[in-house]
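Worksheet: the structure to be examined is printed underneath.
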Amino acid sequence: MGIFSRFADIVNANLNALLDKAEDPEKLIRLIIQEMEDTLVEVRTTSARTIAEKKELQRKIDWLKKQADDWQERAELALSKSREDLAKSALVEKNSALEASRELKEQMQAVENTLDKLSTEIVQLQDKLADAKARQNALMLRHKTASSRLKVKRSLSDTQADDALTRFERFERKLDNLEAEVDSYDLGSKKSLADEIEDLETGEKIDAELAKLKARMARSGKAGTAGTGKKPAGKASGSTKKSGAKPAKAAKNEE
């Protein structure tokens, strides 16, 4: 009964339900497969013993049938010799052999039923074993993936992650304070000769750039006035050439 009860548990087992309850699904899958293989070996061994038992029963049945036939012949012989007493005794032996043969035939029927059950269960177990082996790698991969995702989810929702971020922010503020303390030592300190010279050079560059910007804007303003087409106020057109030379010369002087 131990083999059959364990076999029935395995055959009827829902692998997914077992995996959900298992702490280590990979180990469970290997154990299930190993258990199936061990049970399959045991069931086949039991089947072999049962087949041997069936053959032994068949030999006994055949022998009892032969005994019954022999006692039948002996009863006929005794009756032919007018020995009814011997004939009667021979028939009793014949009936005993037939009764024993009927009992063995009943045992034979039980053995055949057991063999049919074993054969069916072996097929079921082989199918389950093949399915488990085929799904082993896929199930293990699914378990690893799900475990990794769960670990990430737990990390994101875990207060430890928030604590770590808080500590990180405190460390950043501490660095800011440290840097500010370093910068505070520069406040009110006298500049070195090199720093003062560098400031003078920077001022000269700014002044030169400012002068260039003023000159460019002045030229842009005069060019805009000339582009409007207005004539300067003065004498008639006859003196246009003379009066026009002065602005040109003034413009040259301004440049």
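The values are calculated or read from the model by the stated rules, or taken from the named source; none is laboratory data. Keep in mind the model is a prediction, meaning the values are calculated, not measured. Positions of Cβ are backbone-derived with ideal geometry, glycine not excepted, and every protein chain shown enters the neighbour counts.
Looking at segment 102-116, I want the residues that are in contact (Cβ under 8 Å) with a residue 12 or more places away in the chain and assigned to a helix (DSSP H, G or I) and have a partner that is of a type in the set (S, T, N, Q) and surrounded by 11 or more Cβ atoms within 10 Å (Cβ to Cβ) with Cβ atoms under 7 Å, at least 6 apart or on another chain. Which pairs are those?
What qualifies is 108/58; 111/50; 114/50; 115/47; 115/50.
Considering (1) more than 30 Å from residue 26 (Cα to Cα); (2) out of contact with any Leu (no Cβ under 6 Å at 6 or more places or on another chain); (3) surrounded by 12 or more Cβ atoms within 10 Å (Cβ to Cβ), say which one residue 128 fails and leave the rest.
Single failed check for residue 128: (1).
Results for (1) at pLDDT 90 or above; (2) surrounded by 14 or more Cβ atoms within 10 Å (Cβ to Cβ), shown as yes or no for each residue.
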{"position": "2", "(1), (2)": "no, no"}
{"position": "12", "(1), (2)": "no, no"}
{"position": "23", "(1), (2)": "no, no"}
{"position": "27", "(1), (2)": "no, no"}
{"position": "33", "(1), (2)": "no, yes"}
{"position": "40", "(1), (2)": "no, yes"}
{"position": "53", "(1), (2)": "yes, yes"}
{"position": "68", "(1), (2)": "yes, yes"}
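On the given criteria, is residue 40 assigned to a helix (DSSP H, G or I), in contact (Cβ under 8 Å) with a residue 12 or more places away in the chain and over 30 Å from residue 27 (Cβ atoms)?
Numbers: assigned to a helix (DSSP H, G or I): yes; in contact (Cβ under 8 Å) with a residue 12 or more places away in the chain: yes; over 30 Å from residue 27 (Cβ atoms): no.
Taking the combined requirement at face value, the residue does not satisfy it.
Which members of segment 96-116 meet the condition of being loosely packed, with under 14 Cβ neighbours inside 10 Å and within 26 Å of residue 35 (Cα to Cα)?
Answer for segment 96-116, where residues must be loosely packed, with under 14 Cβ neighbours inside 10 Å and within 26 Å of residue 35 (Cα to Cα): 113, 116.
Applying the selection to segment 77-91, what residues are part of a helix (DSSP H, G or I) and either among the basic types (Lys, Arg) or surrounded by fewer than 13 Cβ atoms within 10 Å (Cβ to Cβ) (or both)?
Filtering segment 77-91 down to residues part of a helix (DSSP H, G or I) leaves 77-80, 84-91.
Selection gives 80, 84, 85, 88.
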